[in-house]
Amino acid sequence: MIFRNRLISLIIILLAGFSSLSARAEYQLETVAEGLNLPWSIAFLPDGGYLVATRPGELLRISEQGDVSAPLTGTPETFVESQGGYFDIMLDSQFATNNLVYLSFAWGSIEENATRIVKATLGDAGLENVEVLFTVSPTKAGGAHYGGKMVQLADGSIVLSTGDGFEYREAAQDKFSQLGKILRLNTDGSAHTDNPFADGKSGNPFVWSYGHRNVQGLVVDRASNKIYNHEHGPQGGDEINYVEAGNNYGWPAITYGINYSGAFVSPFKEAPGMEQPLKYWTPSIAPSGFAIYQGDAFPAWQGDFFVGALVNKEVRRLEMVDGKIVSEEALFSELNARIRDVRVSPKGLIYLLTDSDSGKIVRVRPKT
């Protein structure tokens, strides 16, 4: 019986190894453009070019061949301090007919600031018809923990991540505050009527989920319309979560991290009514860009997560099977660069933004 159990265990280990090996893919890296000052987010234009938002507050149009424009005109002024600046650029799902884009950024001053979204039309030289769509409430002081990532769901609604403001972490558990939350709004800036606290009686009408620390990764699985995020822990406790309406993700009541001083944030790692992450990292990897691979160029990676790891100067590929993360692989460390954004293009190629004052756009394609 002992021999049989050991044999079964060995077979399981071997099968797991073969599964991991089967998901490997050969790739090559190509530099599309370089010399970019802290590129933070990239979007793919229908003509094959790119829009890139830089944290210091520039929006650049880059051709398919890698020619970089002058900074686009009409862009909003941003608060650039610590983690503040431009966060995310997103094309409307109907961009081909309406030319609408959404830009999230830090707005305000050191004493009073917030994450804001503007909506605008992309013209030949820059942004036109710029209007403030949404500003997170309440405002906060300091330059940390904004969140600022956006995705658009199948019904056209926009999902926005926010941070807890660092010094305001208890607000993440306050359902009436928009700090430390995932929010959902319509393209006119109103709260979606299907939100869990839409009537405003038990929470803020914009709140989709709460108990988040600093969400800098947000994706939607187009096959299922499920939302996933990743967020920074304090010292350790970085997380990936499946984000469902009305759920509490625990921060700061539960966490797998500790304060930077070494003291406990909380003695608890789990509690009734609070969700557990799909994955957590202790020590921290400092997660950055986030993508789900849904394309044809790398069939072995179909449905997998890709997460930038700033600390390790690499990207983590997380193999997803039946909604669970079953393996993890480090990729692209040969770049020896902090990866700020990870995206999958309409052609199924992976794009990386390197995080420096001479940053690059790097394209990942199958090896030929």
Of all residues in segment 266-302, which are among the aliphatic types (A, V, I, L, M), part of a loop (DSSP other than H, G, I, E, B) and within 27 Å of Lys367 (Cβ to Cβ)?
-> Ile285, Ala297
Selection from segment 70-98 of residues more than 17 Å from Val130 (Cα to Cα), more than 16 Å from the chain's Cα centre (by Cα) and crowded, with 16+ Cβ neighbours inside 10 Å yields Phe79, Val80
Of Gly233, Gly203, the only residue that is in contact (Cβ under 8 Å) with a residue 24 or more places away in the chain and either surrounded by 22 or more Cβ atoms within 10 Å (Cβ to Cβ) or assigned to a strand (DSSP E or B) (or both) is Gly233
Here is a list of conditions, (1) under 26 Å from Asp304 (Cβ atoms); (2) within 16 Å of the chain's Cα centre (by Cα); (3) small (Gly, Ala, Ser), and Gly180 meets all of them except one; can you say which number that is?
-> (1)
Every residue from segment 206-224 that is crowded, with 19+ Cβ neighbours inside 10 Å and assigned to a loop (DSSP other than H, G, I, E, B) | Phe206, Gly211, His212, Arg213
Filtered residue count, segment 111-131, keeping only those that are over 22 Å from the mean Cα position of the chain (by Cα) and under 22 Å from Val207 (Cβ atoms) = 1
Which one of the conditions (1) under 20 Å from the mean Cα position of the chain (by Cα); (2) of a type in the set (A, V, I, L, M, F, W, C); (3) at pLDDT below 95 does Phe44 fail to meet, given that it meets all the rest?
-> (3)
Just one of Tyr280, Tyr351 is aromatic (Phe, Trp, Tyr) and under 27 Å from Asn37 (Cα atoms); which is it?
-> Tyr351
In this structure, is Val101 crowded, with 16+ Cβ neighbours inside 10 Å, in a strand (DSSP E or B) and β-branched (Val, Ile, Thr)?
-> yes
Restricting to segment 236-265, what's the tally of residues that are assigned to a loop (DSSP other than H, G, I, E, B) and either under 26 Å from Asn195 (Cα atoms) or of a type outside the set (Gly, Ala, Ser) (or both)?
-> 16
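The values are calculated or read from the model by the stated rules, or taken from the named source; none is laboratory data. Quick caveat: nothing in here was measured; it's all calculated off a predicted structure. Every residue, glycine as well, gets a Cβ built from its backbone with ideal geometry; the counts of neighbours run over all protein chains shown.
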